[in-house]
Amino acid sequence: AKRSGRGVVRLFDDSMDDSIRFRRDVEDRLSQAVQREELSLAYQPIVSRDGLEIDGFEALVRWNTNEFGLISPDTFIPIAEESNLIHELGDWILGAALKELQHWPGQYVSVNFSPRQFRRHNFVGHVMESVQRAGVSPGRVQIEITETAIFDDAERAAETLYKLRQMGFRIALDDFGTGYSSLYNIRKFALDCLKIDRSFIDGMGRERESAAIVHSIIHLGRALGLGVVAEGVETEAQVQALRVAGASHMQGYYFSQAVPPERARALAEQRSMA
Ligand code: C2E
Ligand code: CA
Ligand code: CA
Ligand code: CA
């Protein structure tokens with residue numbers, strides 16, 4: 001038998017307790033976040049390949065708490081996703097993004113939706129209602145979903161995407177290359193663009209594999225008539241390589257981090273990063 005010391009076992013148990021407690025605390029706080037006005041959105045420019053024109057902004061949620069400080073969406077979105085909180089949070093996010101959009105001259109806003117939101121009963125009607133209430137055109141709203149959201153029930157997802165597209169929404173497949181995509185399925189979905197996951201862009205200069213994957217995705221996107229957004233672009237070298245490879249759009253710290261609404265408005269007016 002394995003002789004693991006008691007100390008080890010206890011340590012493990014303690015950290016289990018801690019992580020469960022942290023989770024519960026976060027869930028508690030999160031359920032009040034909207035009401036306490038602790039949430040905000042930051043906006044990251046999505047720029048076109050050539051002119052460095054700002055075509056749109058991705059809305060990224062920020063949660064600032066008194067107790068824990070700033071908590072990353074990578075931490076709290078999964079917790080919200082596993083409870084019903086994601087719906088309340090998601091509604092707030094969409095509402096805030098649609099409101100902010102009206103201060104920009106023409107750019108679109110790209111909003112992230114978690115798999116659970118996407119699979120919500122009457123998702124299409126729900127989004128349409130929000131957009132109508134805000135009085136904005138669906139053509140200025142891009143819906144970002146991950147592969148996980150659509151490949152679980154491909155048939156139903158295809159129908160949802162088709163309806164959204166019919167209504168004029170733009171659809172982006174986020175984190176492309178990291179999920180369960182099957183190329184067979186991709187062609188059945190009504191999409192406008194693929195977003196190449198940051199991990200591939202990051203590896204591009206170092207590993208032939210990443211570079212090959214980036215090139216393949218761009219090629220695939222172009223062949224299917226889709227836009228291709230390279231995410232997490234941080235260096236001049238990546239910009240050059242992606243231009244040559246033919247990515248239609250780029251997003252990343254090289255151009256700008258996600259910025260507060262006031263700054264996004266100024267950038268939107270300016271229309272370009274040049
Ligand atoms: P994501 O949708 O893939 O968003 C891109 C993440 O990469 C953002 O992190 C962004 O700030 C970061 N990023 C952008 N450019 C660069 C770069 O050049 N270098 C590096 N290292 N990072 C870059 P963030 O805002 O922390 O969001 C993390 C994840 O949380 C998002 O990944 C998304 O999955 C989720 N998320 C954020 N906001 C929302 C939201 O409003 N709703 C939902 N459902 N999920 C959200
Ligand atoms: Ca995203
Ligand atoms: Ca992404
Ligand atoms: Ca991601």
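The values are calculated or read from the model by the stated rules, or taken from the named source; none is laboratory data. Not measured: the values here are computed from a predicted model. Backbone-built Cβ (ideal geometry, glycine too); neighbour counts: all protein chains shown.
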Can you tell me which condition ASP202 does not meet? The list is (1) within 15 Å of ligand 3 (Cβ to nearest atom); (2) surrounded by 20 or more Cβ atoms within 10 Å (Cβ to Cβ); (3) more than 20 Å from SER110 (Cα to Cα), and all the others hold.
(2)
For ASP14, work out the one condition from (1) over 23 Å from the mean Cα position of the chain (by Cα); (2) modelled with pLDDT of 95 or more it doesn't fulfil.
(2)
Considering region 244-263, residues that are over 21 Å from the mean Cα position of the chain (by Cα) and under 17 Å from LYS195 (Cβ atoms), and then whichever is surrounded by the fewest Cβ atoms within 10 Å (Cβ to Cβ), we arrive at GLY246
Given (1) within 16 Å of ligand 2 (Cβ to nearest atom); (2) surrounded by 13 or more Cβ atoms within 10 Å (Cβ to Cβ); (3) of a type in the set (S, T, N, Q), SER72 misses just (2)
Among the residues that make up region 122-129, is at least one of them within 16 Å of ligand 3 (Cβ to nearest atom), touching a residue at least 12 places away in the same chain (Cβ under 8 Å) and part of a helix (DSSP H, G or I)?
no
For region 232-264, give me the residue count where each residue is closer than 14 Å to ALA59 by Cα and touching a strand residue (DSSP E or B) at 6+ places or on another chain (Cβ under 9 Å).
10
Do you know which residues across region 79-110 are free of Cβ contacts under 8 Å to residues at least 40 places away in the same chain, under 17 Å from the mean Cα position of the chain (by Cα), closer than 26 Å to SER19 by Cβ and more than 9 Å from ligand 1 (Cβ to nearest atom)?
HIS87
Mind telling me which of the residues GLY179, GLY221, GLY139, GLY205 ends up being under 27 Å from MET273 (Cβ atoms), of a type outside the set (S, T, N, Q) and not in a helix (DSSP H, G or I)?
GLY205
Would it be correct to say that LEU267 is surrounded by fewer than 19 Cβ atoms within 10 Å (Cβ to Cβ), more than 22 Å from PHE113 (Cβ to Cβ) and more than 16 Å from ligand 4 (Cβ to nearest atom)?
no
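Looking only at region 147-170, which residues are free of Cβ contacts under 8 Å to residues at least 40 places away in the same chain, β-branched (Val, Ile, Thr) and surrounded by 21 or more Cβ atoms within 10 Å (Cβ to Cβ)?
We begin by selecting, within region 147-170, every residue free of Cβ contacts under 8 Å to residues at least 40 places away in the same chain; these are 147-159, 161-163, 165-166, 168.
Imposing the further condition that a residue be β-branched (Val, Ile, Thr) reduces the set to 148, 150.
ILE150 - this is the single residue of region 147-170 that is free of Cβ contacts under 8 Å to residues at least 40 places away in the same chain, β-branched (Val, Ile, Thr) and surrounded by 21 or more Cβ atoms within 10 Å (Cβ to Cβ).
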